[in-house]
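Worksheet: one structure, shown below.
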């Protein structure tokens, strides 16, 4: 039987190891060290169709992640989808004529919301709503359109 | 014919009554255990001793299994993902499956086999040799002196062990994926970091392992305390601990996963 003091030291090491593993999981494995969810401000954008966009999808500007989708709901007046984005405070002066579009990440990947770059200089006013939006591209619609056009052009040849 | 059917009904009824009686006793046991917990916290030295035998001595099996589970995940995941040209997502696969499921579940199963059976056998033998009754004769509450510290130790050790299992598993997946199979180092970590959420994945994994820790140690100390005080009874109780706590872990895991990630 070991002495009580030795056992207590060993248990101390054990607890420290466990906490270190937790710390490693939260710092190295998860995204704690990158953009947080809470700090930042909110921007809304309306879309006719958001495709498969989900909350917590990354919001990118010129390919750089600047925030995450915080909430998605239906506007009760227009019946459009409203996407609420949480933008990091590091990117405060987003131009007023920024446009938003929903793109697919990878062939099979989830959808992400991406922002086009604006032409105008950054405004001092904080943008709270994006007016220019383009909707998610739904693969089935494109295939349907393609087939429809193909059939139409086939008809012309006759 | 009718007599056989009545016998069958009687057997079912006895089985049901026995099951619910045990369940009720287990809950009363838990209740009296929870009442003792403040007194147990004041005797934290006893808890530390138990963390040594319950937690620290399980460390080797947890770390080695975690390493191999992570390495197998890396190999299997690579072989599947490389067909889609998505081998960079290996980090995501390894980390998410470890943190969400395998870490809490497999380490709890190992914990039930390694520490739970030992707890049952220890307490069962104490009961069989009437050490528990002797303590009561000396006005020492066995709940505060024997059972409470063991319960606390399991409750504290389990999340730590599960976290170590997951961390070592991620390192094992990294070793196989990046070291042996040539997945890109940066993509492995960065895709993992962008996919794994602190609150959604890691915290829920920790909550799972705390729930499993409570369930396993509760079953283990109850089976030990409730054992028939013979050598056969102890062996049955030890078997029941492993079987029941494994089933409880898997059942609870389904419920928790359905609640957390739907």
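The values are calculated or read from the model by the stated rules, or taken from the named source; none is laboratory data. Being a predicted model, the structure only gives us computed values, none of them experimental. All Cβ positions, glycine included, derive from the backbone under ideal geometry; neighbour counts span all protein chains shown.
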Quiz item: Here are some residues: B:152, B:138. Which one is under 26 Å from residue B:34 (Cβ atoms), away from chain A (no Cβ under 13 Å), more than 11 Å from the chain's Cα centre (by Cα) and modelled with pLDDT under 95?
Solution: B:138
Exercise. Report the residue count in the stretch B:66-76 for those that are buried (at least 17 other Cβ atoms within 10 Å of the Cβ) and more than 13 Å from residue B:182 (Cα to Cα).
Key: 6
Quiz item: Would a scan of the stretch B:156-171 turn up a residue that is touching a helix residue (DSSP H, G or I) at 6+ places or on another chain (Cβ under 8 Å), surrounded by fewer than 21 Cβ atoms within 10 Å (Cβ to Cβ) and within 14 Å of another protein chain (Cβ to nearest Cβ)?
Solution: yes
Practice problem: Restrict the check to the stretch B:240-249 and report whether at least one residue is touching a residue at least 12 places away in the same chain (Cβ under 8 Å), over 14 Å from the mean Cα position of the chain (by Cα), under 14 Å from residue B:117 (Cα atoms) and assigned to a helix (DSSP H, G or I). | Solution: yes
Quiz prompt | Among the residues listed as B:116, B:103, the single one being more than 14 Å from chain A (Cβ to nearest Cβ), assigned to a helix (DSSP H, G or I) and within 30 Å of residue B:68 (Cα to Cα) | solution = B:116
Quiz item: Pick from A:119, A:82, A:69, A:127: which is surrounded by 13 or more Cβ atoms within 10 Å (Cβ to Cβ) and at pLDDT below 70?
Solution: A:127
Quiz item: What number goes with the only condition from (1) assigned to a helix (DSSP H, G or I); (2) away from every other protein chain (no Cβ under 11 Å); (3) under 27 Å from residue B:84 (Cα atoms) that residue B:183 does not pass?
Solution: (1)
